[in-house]
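The values are calculated or read from the model by the stated rules, or taken from the named source; none is laboratory data. Everything numeric in this text was worked out from a predicted model, so none of it was measured. All Cβ positions, glycine included, derive from the backbone under ideal geometry; neighbour counts span all protein chains shown. For accessibility, only protein heavy atoms count, side chains too; no ligands or nucleic acids. Shrake-Rupley method; radii C 1.70, N 1.55, O 1.52, S 1.80 Å.
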Amino acid sequence: MAKSKIALIGGGNIGGTLAHLAALKEFGDIVIFDIVEGLPQGKALDLAQSGPIEGFDGVFKGTQDYKDIAGADVVIVTAGVARKPGMSRDDLLEINVKVMRAVGEGIKAHAPDAFVICITNPLDVMVWALREITGLPHHKVVGMAGVLDSARFRLFLAQEFDVSVEDVTAFVLGGHGDTMAPLIRYSTVAGIPVPDLIKMGWSSQEKIDAIVQRTRDGGAEIVKLLKNGSAFYAPASAAIEMADSYLKDKKRVLPAAAHLTGQYGVNDLYVGVPVVIGAGGVERVVEVQLADDEKAMFDKSVDAVRGLVDAVKSIDPDI
Ligand code: TXD
């Protein structure tokens, strides 16, 4: 079997963790690109040196040259700036749009056949901008947020119910973070929906509401603790799960920021919805019927994303 190649654009906290996880999972050769000279080279060398201990082989390369990402099967983008305490994801917009311009042109020129996973915030609009700049097919460019938001939700639910995280599934829709719309009735413990668990006395509506809010604020809670950066372990794990489904054609059903063409009443926008990820990229968007209150939550989230897309168009008129 031919070896895969993974290119990581951005070698900071998430980029470094992605490289480590991809190496441990033996995804293939890994290239880390970052504009800071020495940073990706140092991380790549350090990682290669853990190979003899962990038992993985492969080529690990740090670079400032987009030529080195040529032939990548998967490109994961974390380039840009992260939040500091007091900043919203939207505060990152202006700087990160410019970063997406540079990154998008690099991908377009050197890795146009890759499956591209964008992580950079504000996520739903950055993935839209990146797709526009690369010109890649929409089903080959996707944003990571839903797997992370639902992992946070699953953890807090598991803690509330005192059960394994493995038995908790969560269903989230909409934009990343603040406007995330969880569908409680599709969130379960071993198949038992959360509303039934409330009726069974396992929890109360108030406690579940508080968990939803904590999930929405999940990123800010970590930014406040770290003080000069944002979450990176869980975001990296989430993107690796998506890359794994693509590389192994697993057809996992995962929440992701995907390009909508009429589903959920949305056209030409990237919003978080459940999708099937396989060798064809985003192979299918899962469209469920929403109740009125769920639709209202979702629409609010879509409006927020649409507002940011307009802002991006004024920052980079070539998009
Ligand atoms: O759910 C989600 N999508 C997210 C998103 C969850 C957590 C964090 N999320 C966002 O990911 C966060 O708000 C940031 O926008 C990105 C990356 O977060 P990370 O924690 O990895 O940030 P770092 O450590 O600051 O790393 C960013 C790197 C850093 O090394 C810069 O030198 C590099 O990006 N950088 C660039 N690389 C390549 N090309 C350009 N132009 C560039 N500009 C900066």
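Considering only DSSP beta bridges where both residues belong to the chain, give the percentage that are antiparallel (nearest 5). Beta bridges within the chain, antiparallel portion: roughly 50 percent. FRET efficiency for the Asp292 to Asp162 pair, using the beta carbon distance and R₀ = 41 Å, is estimated at 0.80.
Eigenvalues of the Cα gyration tensor times 5, then square-rooted: what semi-axes does that give for the range 240-319, in whole angstrom, largest first? Mind dumping the intermediate values first?
Values: eigenvalues 120, 71, 18 Å².
For the range 240-319, the ellipsoid semi-axes come out as 24, 19, 10 Å.
Ranked from highest to lowest mean number of other Cβ atoms within 10 Å per residue, what is the order of the peptides 185-193, 254-262? Don't jump to the answer; show the numbers that get you there.
Numbers: 185-193: 15.6, 254-262: 21.8.
Sorting 185-193, 254-262 by mean packing, highest first, produces 254-262, 185-193.
Model label points for Met200 and Asn228, set 7 angstrom from Cα along the Cα-to-Cβ axis, are 4.7 nm apart. Listed peptides 42-53, 144-155, 229-240 appear in the order 144-155, 229-240, 42-53 once ranked by packing, highest mean of other Cβ atoms within 10 Å at the front. With a Förster radius of 22 Å applied to the beta-carbon distance between Met87 and Leu45, the computed FRET efficiency rounds to 0.10.
How big is the chain by the Kirkwood estimate over distinct Cα pairs, in Å? For the chain, the Kirkwood estimate is 19.8 Å. Please work out the C-alpha center-to-center distance from the range 243-259 to the range 212-232 and express it in whole Å. Rounded to whole Å, the Cα centres lie 25 Å apart. With the helix formula -39500 (n - 2.57) applied to DSSP H stretches of n ≥ 4, the chain reaches a computed 222 nm mean residue ellipticity of -14000 deg cm²/dmol.
Averaged per residue, what accessible area in Å² does the range 165-319 show with a 1.4 Å probe, protein chains only? Don't jump to the answer; show the numbers that get you there.
Values: 7420 Å² over 155 residues.
Counting only protein heavy atoms, the per-residue value for the range 165-319 is 48 Å².
Summary of packing: across the peptides 78-86, 54-62, the per-residue average of other C-beta atoms within 10 Å ranks them, highest first, as 78-86, 54-62. By accessible area, using a 1.4 Å probe on protein heavy atoms only, the chain has 52% of its surface on carbon and sulfur. By how many degrees, 0 to 90 and rounded to 10, does the Cα axis of helix 292-315 deviate from the longest principal axis of the chain? Compared with the principal axis, the helix lies near 30 degrees. One way to sum up the overall shape of the range 129-233 is the equivalent ellipsoid from its Cα gyration tensor, whose semi-axes run 28, 18, 11 Å, largest first.
Compared with the dominant principal axis of the Cα atoms in the chain, helix 123-134 is inclined by about 40°. Beta bridges assigned by DSSP with both partners in the range 50-190 are antiparallel in approximately 35 percent of cases. A P(r) calculated from all alpha carbon pairs of the range 1-93, with 5 Å bins opening at zero, reads 3, 15, 25, 23, 16, 9, 6, 3, 1, 0 percent. Between 0 and 90 degrees, the angle of helix 146-161 with respect to the longest Cα principal axis of the chain falls at about 50 degrees. Treating each Cα of the range 146-313 as an identical point scatterer and summing with the Debye formula, the log10 of I(q)/I(0) at q = 0.16 Å⁻¹ comes to -1.01.
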